[in-house]
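Worksheet for the structure shown next.
The values are calculated or read from the model by the stated rules, or taken from the named source; none is laboratory data. Owing to the predicted nature of the structure, the values given are computational and were not obtained by experimental measurement. In this analysis, Cβ positions are derived from the backbone assuming ideal geometry, glycine residues included, and neighbour counts consider all displayed protein chains. SASA here: full protein model, heavy atoms, side chains in, ligands and nucleic acids out. Shrake-Rupley method; radii C 1.70, N 1.55, O 1.52, S 1.80 Å.
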Amino acid sequence: MRLARLILAIGALSFFSSAAATSNPSERISLRTIAERHGMTFREEREKSATLTGSNCSIACFLDKSSYVVNGVCVYGQGAAERSPRGLTIPLNDWKHILEPLISGRKVPGVHCICIDAGHGGKDSGAHSGALNLTEKSLNLDVAKRLGNLLQSNGFKVLLTRDGDRFVPLEKRSSIANCGKADLFISIHFNASESPTAQGIEIYIMPRQGTAATARLSSPLRAKDAIFCPNNEFDDCNLLLAHGIGEKLMRLKGVRDRGVRRGRFCVLESVHCPAVLVECGFITNQAEGALIAQSAHRQAIASAICDGVINYAAGATH
Ligand SMILES: [Zn+2]
């Protein structure tokens with residue numbers, strides 16, 4: 001009995017812990033070596049890009065770029081691909097903590113209850129587009145409710161951090177998920193930019209302990225980056241959830257894939273389950289904003305996120 005409990009505990013730990021095997025950030029591995037070790041087909045083109053193809057997975061990698069395309073979805077890493085005598089190399093940590101978890105078909109804990117967080121609300125309107133008269137807090141709530149209905153009709157229990165135009169502090173949002181024993185946390189937002197050409201969907205997860213947010217790859221790490229946050233316990237599952245959602249969301253008509261990214265969002269760092277923040281498009285881009293204004297597109301976004309959750313939950317052990 002005790003042994004069985006111990007085995008269960010070890011099994012549970014292996015779901016959650018990815019911090020233990022972190023390598024020196026400067027260590028690199030060649031893509032050719034990865035392909036040889038894992039029986040994948042390897043193709044490199046003029047030392048500028050490489051593709052690794054396995055029986056049911058593919059990885060594309062590009063010289064000087066810090067992002068990969070894994071099974072059709074862009075995922076940001078911690079350093080750019082570089083040339084070497086063995087062809088293109090990438091940071092060993094990107095292999096260990098991004099690519100390998102994504103292609104290995106890892107099991108995840110079961111999913112029963114999902115907390116959906118409609119970003120902003122009440123006195124906090126979020127982003128606004130004057131040209132299209134779109135206000136983020138209303139769009140977030142609309143998509144959150146649509147997603148909640150879809151998840152419920154697929155048998156999941158759903159918690160909403162707000163179901164009306166109310167201000168809810170960020171720490172309260174995490175505690176609603178934690179007190180409700182949510183198995184997943186999904187925060188819904190829409191994006192804005194001073195650049196009218198910015199468009200596309202971004203999916204954020206917490207950076208791993210000791211690593212930078214996606215936007216600060218080349219800048220020095222901040223003291224905060226070294227702290228282990230409660231949500232870091234779910235590093236691998238965060239990534240699998242974000243990628244599972246990305247596989248469905250990035251296929252939507254008219255959507256540009258801006259990738260799975262890392263951001264130290266207050267609303268994510270204290271959540272005790274796998275958590276993502278989805279920026280569902282730029283309301284400041286004329287074409288994308290016009291699409292977001294259509295309820296059919298918002299329903300398609302909710303439906304894709306729901307399918308992504310089902311995609312992720314299919315990897316559950318029970
Ligand atoms: Zn927002």
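Remarks
- The stretch 275-286 residues that are aromatic (Phe, Trp, Tyr), paired with ones that are crowded, with 24+ Cβ neighbours inside 10 Å (beta carbon under 6 Å, 6 or more apart): 282/288
- Test: residue in the stretch 226-244 that is in the same structural domain as residue 201 (by TED's automatic domain parsing), in contact with a Phe, Trp or Tyr (Cβ under 7 Å, 6 or more places away or on another chain) and within 13 Å of residue 304 (Cβ to Cβ): yes
- The strands (runs of 3 or more DSSP E) found wholly in the stretch 30-110 and carrying at least 1 residues that are open to solvent by 20 Å² or more (accessible area, probe 1.4 Å) occupy 41-45, 49-53, 58-62, 67-70, 73-76.
- Residues of the stretch 111-122 that are open to solvent by less than 30 Å² (accessible area, probe 1.4 Å) and over 18 Å from the mean Cα position of the chain (by Cα): 113, 121, 122.
- The conditions of being assigned by TED's automatic domain parsing to the domain that holds residue 140, open to solvent by 20 Å² or more (accessible area, probe 1.4 Å) and closer than 28 Å to residue 195 by Cα are met by residue 291.
- Selection count where residues are away from the ligand (no atom under 16 Å from the Cβ), touching a helix residue (DSSP H, G or I) at 6+ places or on another chain (Cβ under 7 Å) and modelled with pLDDT under 95, scope the stretch 110-130: 0
A quick yes/no check of all residues on (1) closer than 25 Å to residue 133 by Cα; (2) among the hydrophobic types (A, V, I, L, M, F, W, C); (3) in a helix (DSSP H, G or I); (4) outside the structural domain of residue 76 (by TED's automatic domain parsing):
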| residue | (1), (2), (3), (4) |
| --- | --- |
| 166 | yes, no, no, yes |
| 177 | no, yes, yes, yes |
| 186 | no, yes, no, yes |
| 194 | yes, no, no, yes |
| 197 | yes, no, no, yes |
| 202 | yes, no, no, yes |
| 215 | no, yes, yes, yes |
| 224 | no, no, yes, yes |
| 251 | no, no, no, yes |
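- Residues of the stretch 131-173 that are in contact with a Lys or Arg (Cβ under 8 Å, 6 or more places away or on another chain) and either away from the ligand (no atom under 15 Å from the Cβ) or open to solvent by 30 Å² or more (accessible area, probe 1.4 Å) (or both): 142, 146, 160, 163, 165, 167.
- Taking the conditions (1) open to solvent by 40 Å² or more (accessible area, probe 1.4 Å); (2) at positive phi in turn, residue 125 satisfies each one other than (2).
- Test: residue in the stretch 18-31 that is within 16 Å of the ligand (Cβ to nearest atom) and closer than 30 Å to residue 304 by Cα: no
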